[in-house]
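The values are calculated or read from the model by the stated rules, or taken from the named source; none is laboratory data. Predicted, not measured: the structure shown is a model, and the values here were computed from it. Methodologically, a virtual Cβ is constructed for each residue, glycine included, from the backbone with ideal geometry; neighbour enumeration extends over all protein chains shown.
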Amino acid sequence: MTVNPQVYKKITYQPERDFAPVTMVVSAPFIITVNPAGERTSSVNTIADLVAVARAKPGQLTYGSGGPGNLAHLGFELINNRAGIKTTHVPYKSGVSAQLGLLGKEIDMLLDTPVTAPNVKSGKLKALAVTTARRWPDLPEVPTMIESGYAGFDVPFWLGVLVPAQTPPAIVQTLYNAIRSVRDDPNAVRQLQMQGTVELLDPATFASRIKAETASWGEVIRRENVQLD
């Protein structure tokens, strides 16, 4: 909704024209991870450590993603820009493949999703920071990027519900009310919290968020000249 229409030249839809937002359901952070057994990252314990290594070895540190133009790719380019460093992108076919690449020391670092928490808890990977304004409850000891010295850095990913643009507003509101009722179901909330923080935004607030994130990601896309067929 926010990135693909700006990255892919041949995309056939436009979110504001073709979709009506109903509600965002969950929001979650990316987790910046390194392999503690990696040749270039064994001494890296914080974002400051990572930046120091990257500055000492411009372009030598590599980061993976599930493919060019996705949020993990763009998010790390945002980190590069904010920190004033240069690292090298290694695209994989999927986020899972990129995670396996980090575990196998093919790459140095990754913007991973919360599903990597078991790897962090077991010591296979080391988490340096989360990209949201608040810490992730499942890894409470991991600081945020803001706490690591990058004011205003808040880069989540989310899952939401949208419907065709011609859907009558009354039906959109009815759908929102129905989805919002999951807050009354402890089991449903528990299941959703496995994916992220439950944030059942109303249609107007969700639309505003999509618009704001489209603009902010657009700046990154243009700055890094990310264009795909």
Given the conditions (1) farther than 30 Å from HIS73 by Cα; (2) assigned to a loop (DSSP other than H, G, I, E, B); (3) hydroxyl-bearing (Ser, Thr, Tyr), every one holds for THR174 apart from (2)
Within region 6-28, the residues that are touching a helix residue (DSSP H, G or I) at 6+ places or on another chain (Cβ under 7 Å) and in contact (Cβ under 8 Å) with a residue 60 or more places away in the chain are GLN6, VAL7, PRO15, ALA20, PRO21, VAL22, THR23, MET24, VAL25, VAL26, ALA28
Worksheet item: Does region 109-124 contain at least one residue that is of a type outside the set (Asp, Glu), in a loop (DSSP other than H, G, I, E, B) and touching a Gly at 6+ places or on another chain (Cβ under 6 Å)?
Response: no
Taking the criterion of being surrounded by 14 or more Cβ atoms within 10 Å (Cβ to Cβ) and closer than 30 Å to ILE11 by Cα, would at least one residue in region 39-61 satisfy it? no
In the set LYS93, LYS57, LYS105, the lone residue that is basic (Lys, Arg), over 22 Å from LYS211 (Cα atoms) and without any contact (Cβ under 8 Å) to a residue 24 or more places away in the chain is LYS57
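If you check ILE85 against the conditions, is it within 24 Å of GLU213 (Cα to Cα), outside any helix (DSSP H, G or I) and either modelled with pLDDT of 95 or more or of a type in the set (Phe, Trp, Tyr) (or both)?
For ILE85, the condition - within 24 Å of GLU213 (Cα to Cα), outside any helix (DSSP H, G or I) and either modelled with pLDDT of 95 or more or of a type in the set (Phe, Trp, Tyr) (or both) - is met.
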ARG82 meets each of (1) in contact (Cβ under 8 Å) with a residue 12 or more places away in the chain; (2) closer than 25 Å to LEU192 by Cα; (3) of a type in the set (D, E, K, R) with one exception, condition (2)
Counting only residues that are among the aromatic types (Phe, Trp, Tyr) and part of a loop (DSSP other than H, G, I, E, B), region 51-73 contains a total of 0
Quick count over region 86-114, residues being touching a helix residue (DSSP H, G or I) at 6+ places or on another chain (Cβ under 8 Å) and of a type outside the set (D, E, K, R), is 14
Residues of region 56-85 being closer than 14 Å to THR41 by Cβ and not aliphatic (A, V, I, L, M), in sequence order, are LYS57, GLN60, THR62, TYR63, GLY64
